[in-house]
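Take a look at the structure set out below.
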Amino acid sequence: MGDTYLISGLTAKRAEVSGVIADLEKRIAQHRADLVHIDAVLRLYAPEVEPESIAPKAVRKRNDWFKPGELARIVLDVLRVAPAPLQVREIAVKVMEARGIDTTDARTVQLVGKLVHNAVTRQATDLVERVGDGKIAAWRVRQGS
C-alpha cells in the first residue's frame, strides 16, 4: 500500500462525511414525521385546507461575517464619517476594512455589497437617504440625524 497518511486521512474523512449523511437522514426522517402529524392536526381543525398546497418557507442561512444588527451599525458609522455620499460598493469595501475582511477578493466584495445594499434599503428613511437615480445610486446619512 502506498502512502499510509493519505489512506488514513481519506478513511477518516469518509467516516466523517458518512456520519454527517446518516445524521442528516435521521433528521430528515424526524422532520417528515413531524410534518405528517402537523398535517393531520391541520386536517382536523381545517378540513378545507390542503396541506400540500402550503408553500414551503425558505430557510435563510446567516452569514458568518456579521452578528445580527452589526452590519447596519457599521454601515451607519461609515456613512456618518463619509465626506460625500457613497455607492454600495464603496460602503462594502469600508465595512470589510473595518471588520478585517480581505478586500482584494472580488467575490467577497460582491457578496458583502449585497448585504450592504439590503442594510441601507432597510434603514429608516429618517436615518439614511438615497442620492441619485438609477442603478448607480449613492447613500448618505440624512441631514439632521
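Scanning segment 28-62 for residues that are hydrophobic (A, V, I, L, M, F, W, C), loosely packed, with under 10 Cβ neighbours inside 10 Å and within 30 Å of Leu111 (Cβ to Cβ) gives Ala55, Ala58, Val59. For Met1, the criteria (1) closer than 30 Å to Val128 by Cβ; (2) modelled with pLDDT under 90 hold in every case but one, which is (1).
Can you tell me which of Leu111, Leu71, Leu76, Leu115 is surrounded by 11 or more Cβ atoms within 10 Å (Cβ to Cβ), more than 18 Å from the chain's Cα centre (by Cα) and either assigned to a helix (DSSP H, G or I) or not hydroxyl-bearing (Ser, Thr, Tyr) (or both)?
Numbers: Leu111 fails: more than 18 Å from the chain's Cα centre (by Cα); Leu71 fails: more than 18 Å from the chain's Cα centre (by Cα); Leu115 fails: more than 18 Å from the chain's Cα centre (by Cα).
Step by step, each of Leu111, Leu71, Leu76, Leu115 is checked, and only Leu76 is surrounded by 11 or more Cβ atoms within 10 Å (Cβ to Cβ), more than 18 Å from the chain's Cα centre (by Cα) and either assigned to a helix (DSSP H, G or I) or not hydroxyl-bearing (Ser, Thr, Tyr) (or both).
Just give me the residues in segment 87-145 being closer than 17 Å to Arg73 by Cβ, in contact (Cβ under 8 Å) with a residue 40 or more places away in the chain and in contact with a Lys or Arg (Cβ under 7 Å, 6 or more places away or on another chain), in sequence order. Of everything in segment 87-145, those that are closer than 17 Å to Arg73 by Cβ, in contact (Cβ under 8 Å) with a residue 40 or more places away in the chain and in contact with a Lys or Arg (Cβ under 7 Å, 6 or more places away or on another chain) turn out to be Leu127, Val128, Trp139, Val141. Can you name the residue in segment 119-145 that is loosely packed, with under 13 Cβ neighbours inside 10 Å and among the polar types (S, T, N, Q) and is also farthest from Gly69 (Cα to Cα) among such residues? Among them, the one singled out is Gln143. When Thr103 is tested against (1) exposed (fewer than 14 other Cβ atoms within 10 Å of the Cβ); (2) part of a loop (DSSP other than H, G, I, E, B); (3) in contact with a helix residue (DSSP H, G or I) (Cβ under 7 Å, 6 or more places away or on another chain), only condition (1) is not met.
The values are calculated or read from the model by the stated rules, or taken from the named source; none is laboratory data. It should be emphasised that the depicted structure is a prediction, and the values quoted were computed from it without experimental measurement. Note: ideal-geometry Cβ built from the backbone for every residue, glycine included; neighbour counts use all protein chains shown.
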